[in-house]
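In what follows, a single structure is set out as structure tokens and then discussed.
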Amino acid sequence: MIHSRKHARFTALSLAVIVLIFGSGVGCGPKEQTSSPEKVTIAYTTAANAVLTCIAFAKGYFSEEGLDATPQPQAFGQRALNAVMEGKADLGTVADTPIVFAVMNGKKITILAVIQTSNKNEAIVARADRGIASPSDLKGKTIGIRSGTASDFLAHTILIAHGIDRNDVEIVDLQPEEMATALSTGRVDAVSIWNPILIRLQQGLGDRGRTFYGDRLYTSTFCIAAAQDFVDKNPEVIKKVLRALIKAEAFVRQHPEASRRLVAEFIQIDPSLLDEIWGLYQYKVTLNQALLVDLEDQTRWAMKYRFIERTAMPNYLDFIHIDGLQAVDPEAVRIFR
């Protein structure tokens with residue numbers, strides 16, 4: 001009788017172990033994916049101000065976070081943001097000025113994080129043979145800008161700092177790819193532009209050119225942004241994107257030379273050119289109070305010169321998605337709410 005009870009207990013225990021082994025999949029090879037990667041399209045600028053996004057693609061960090069991310073190259077940030085607003089991309093890398101114009105024109109977009117900053121990415125490049133030796137000589141001259149971008153705001157900042165009103169110069173709205181020809185043919189006397197076009201113009205003009213930076217006046221801020229509706233519906237995707245960018249930040253910090261090579265290949269730029277401008281940028285995923293100050297300063301400028309119809313300052317906290325970065329890296333958030 002005792003033997004029968006022991007046998008029954010042994011049999012029950014053996015069956016339980018078998019169920020546990022086969023039920024947990026041990027010995028049956030790797031687990032199958034229960035869900036497919038989430039698809040996301042990211043429009044990024046090829047103008048060297050979306051380095052962390054390029055690294056995240058090149059190193060496979062988006063894939064590591066469970067995303068099927070499609071890169072969508074755009075020549076500059078304004079076009080990347082347009083792709084987002086037109087529904088052609090889910091996220092876009094863009095500088096501060098186009099964001100201001102989008103918000104003031106009623107677009108429902110939101111900033112997820114700042115990903116890069118620089119106070120020498122933009123400058124005014126002028127022709128010395130047009131009598132321009134210093135910024136004060138720009139008065140009465142013709143200046144090419146890209147309206148609604150950092151090129152526009154940088155030109156304003158330099159002119160005001162040297163006592164020149166916008167009405168004291170002739171402004172010509174140009175596409176960035178038109179500026180070199182406009183400057184060389186004399187259509188304009190100077191242009192306000194960003195890298196890498198900036199450094200190419202400097203190299204082309206040589207001693208015949210003059211460059212005026214606004215490094216003590218303006219720090220350009222490059223962000224990653226999305227439509228508010230997309231963020232509301234996909235909060236976990238946003239966190240995955242931010243985690244991938246934070247991985248990219250760490251890689252850039254630890255491997256700067258390898259990072260330059262990866263980015264040069266990704267955006268198809270001359271590596272030597274990228275080497276020259278690499279040190280102009282700070283590569284960090286963050287949200288801080290300086291972002292709010294910057295957006296509000298540019299809004300006052302846009303309202304003063306009536307580039308927009310709206311006359312009331314928006315609450316930019318309504319256009320910054322803090323929760324995503326707060327959840328992923330609380331130390332990176334320094335915005336007062």
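Assorted remarks:
- Mean-position separation - Cα centroids, segment 190-232 and segment 270-307, in angstrom: 9 Å
- Based on Cα contacts under 8 Å between residues 6+ apart, segment 259-337 shows a relative contact order of 32 percent.
- Percentage relative contact order, the chain, counting C-alpha pairs under 8 Å, at least six apart: 24 percent
- Square roots of five times the Cα gyration tensor eigenvalues for segment 157-213, Å: 20, 14, 11
- Cα gyration tensor, segment 174-310 - rounded (a/c under 1.5), prolate or oblate: oblate
- For peptides 84-97, 301-314, sequence by mean Cβ density within 10 Å, most packed first: 84-97, 301-314
- Relative contact order of segment 150-266, defined on C-alpha pairs under 8 angstrom at six or more residues apart (%): 24 percent
- For Kirkwood radius over Cα pairs in Å, calculated from these coordinates, the label among (1) 22.1; (2) 24.3; (3) 19.9: (1)
- Which of D275, D129, D232 is most accessible, then next, and so on - probe 1.4 Å: D232, D129, D275
- Cβ crowding within 10 Å averaged over residues, with 181-194, 39-52 ranked highest first: 39-52, 181-194
- Working from the Cα coordinates of segment 32-135, the gyration tensor eigenvalues give, after taking √(5λ), semi-axes of 34, 17, 11 Å in decreasing order.
- Partners for K88 among aspartates and glutamates (Cα-Cα distance below 15 Å; same-chain residues under 8 apart left out): D229
- Under the convention that each Lys and Arg Cβ holds +1 and each Asp and Glu Cβ holds -1, the size of the dipole of the chain around its Cα centre is about 920 debye.
- Principal-axis tilt of helix 235-254 within the chain, Cα atoms, nearest 10 degrees: 70 degrees
- Peptides 119-126, 162-169, ordered by how many other C-beta atoms sit within 10 Å of their residues on average, highest first, read 119-126, 162-169.
- Percent carbon-and-sulfur accessible area, the chain, ignoring ligands, DNA and RNA, probe 1.4 Å: 51 percent
The values are calculated or read from the model by the stated rules, or taken from the named source; none is laboratory data. Keep in mind it's a predicted model, so treat the numbers as computed, not measured. Backbone-built Cβ (ideal geometry, glycine too); neighbour counts: all protein chains shown. The protein model used for the area step is the full one, side chains on, heavy atoms only, and it has no ligands, DNA or RNA in it. Shrake-Rupley method; radii C 1.70, N 1.55, O 1.52, S 1.80 Å.
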